[in-house]
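A short write-up of the structure that comes next.
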Amino acid sequence: MEPIGKEEKIACVIGDRSTSDVDVRLRTQEGRDDWLYCHSEILVKNCKYFADRLSENWPTCQILDSRNCVDVYCQELNFDYHVNLIRLLYIVVDSSVDDLWHGVRNSLGILQVAVELGCPQIVTACVNYLEAVTWEEAEEDEILKIVPRMGLQAEPILARLQPVNQSAIVNIFVSALRFATSSPPPQMNDLKSSAQEQLEYMLTEDDDAPLLTADDNIKLEILSKLEIMREFVVYWFDASDKIVKVLEQGSSTTEVIEIKLRAIEVTSKVLEAIGYGTVILPTAKRLQVLKVWLPFVRVTKPLIDSVTMNCENAMLLKLDGEMWQSLESTFVSIILALPSGDQAEVLTEWLDNEYMQYPDLTEAFEVWCYRSKVAKRRLSLLEDEHAMTNSF
């Protein structure tokens, strides 16, 4: 007898009644009852369920026509997945299934049926597909509901969702910290802000525990950053007078204005470190840094805004609006931490200046007015309380 050739195997096409030797009946509880004309050779080779049902050892194999018809029961919502799986049994023979999944949800549905009916080739193909493609949030939730029940064969799908070892967490935290505390080009400000947000998220306790706690390595990394920042702030403070004098003597060309802008960017980071206590400076130095940089920023910002609107190279001079807002808030913070007399000096100069629109020190002015008005009453109450305490 001639061996069955490849051409004859290819001739087996699902639904071809003329060559079919077994009928698969898909049945649902809702009463759906569909027939598929199939070939036992294909079904037995690629699916354990059909191999068992069509074997000589199946209890009903001797019943008339029982081997010519196999019932498969399914839910209505999984009906199409069963049809697709049976069609794929024919394609698996030729191992050409990579482009036939039609999305995550369809592949996940077929995977469930393949596991249930025992189709190892299709299970492997589905797992490989789901492990390789991206998921939308809703798809990810569905995968988390379904895949863990499938055992070891489906574990690769969940690899991206597994907890990461502590060493990897520390490494990425330290790298993110270095970037978040660096001074990247302006076009990378959004990336830096994102890194800062993720650092905060990693350390925040919400519905879940923090991703990590500060061990010795992290503390050392942070402390080294703080030490570098402290040294830079001191250096920038010492050089500020000279820097401002040089910049003020420059022309109003685009190149010079860009240099002024970069100086303000650096200064904003220095002032932020001072204003929020990252670097501690004595009162006299904090007042001095305000006297140097407040007038410079006040005069330079309108110049930058004007050139930005009229210059062809405006993008080179664009400073993130959040940066200006942050710088303004930092000025207010530094002012409000000064003795009240020094605050009055700074605010008087601001109120007398034609460029008082930026930075807007209204918040500092309001707080100073309130503190000054209630100061005597506050202090007298404290003195009375102190006297009463001593009397006892």
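Bear in mind these aren't lab numbers, they're just calculated from the coordinates by the rules spelled out. The structure presented is a predicted model; accordingly, all values stated were derived computationally and were not measured. As a convention, Cβ positions derive from the backbone with ideal geometry for all residues, glycine included, and neighbour counts pool all protein chains shown.
What does the net charge come to around Leu158 if you take all other residues with beta carbon closer than 15 Å to its beta carbon, with K and R at +1 and D and E at -1? Don't skip to the answer; put the middle values down first.
Numbers: positive: Lys145, Arg149, Arg160; negative: Glu131, Glu139, Glu140, Asp141, Glu142, Glu155.
Surrounding charge for Leu158 is -3.
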State the answer as a single residue: which of Leu130, Gly118, Pro156 lies farthest towards the positive end of the charge dipole of the stretch 22-160, with beta carbon charges of +1 for Lys and Arg and -1 for Asp and Glu, about the Cα centre. Gly118
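Leu327: net charge of surrounding residues, Cβ under 10 Å, Lys/Arg +1, Asp/Glu -1, itself excluded? Working shown, then result.
Values: positive: Lys269, Lys301; negative: Glu265, Glu272, Glu322, Glu328.
Once positives and negatives cancel, what remains is -2.
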List every residue whose amide H lies under 5 Å from the amide H of Val70, counting only residues 5 or more places away in sequence or on a different chain, with H placed 1.01 Å from N in the peptide plane. Asp23, Val24, Arg25
If you bin every alpha carbon distance in the stretch 76-180 into 5 Å steps from zero, what whole percent lands in each bin? 2, 11, 22, 20, 15, 10, 6, 5, 5, 3, 1
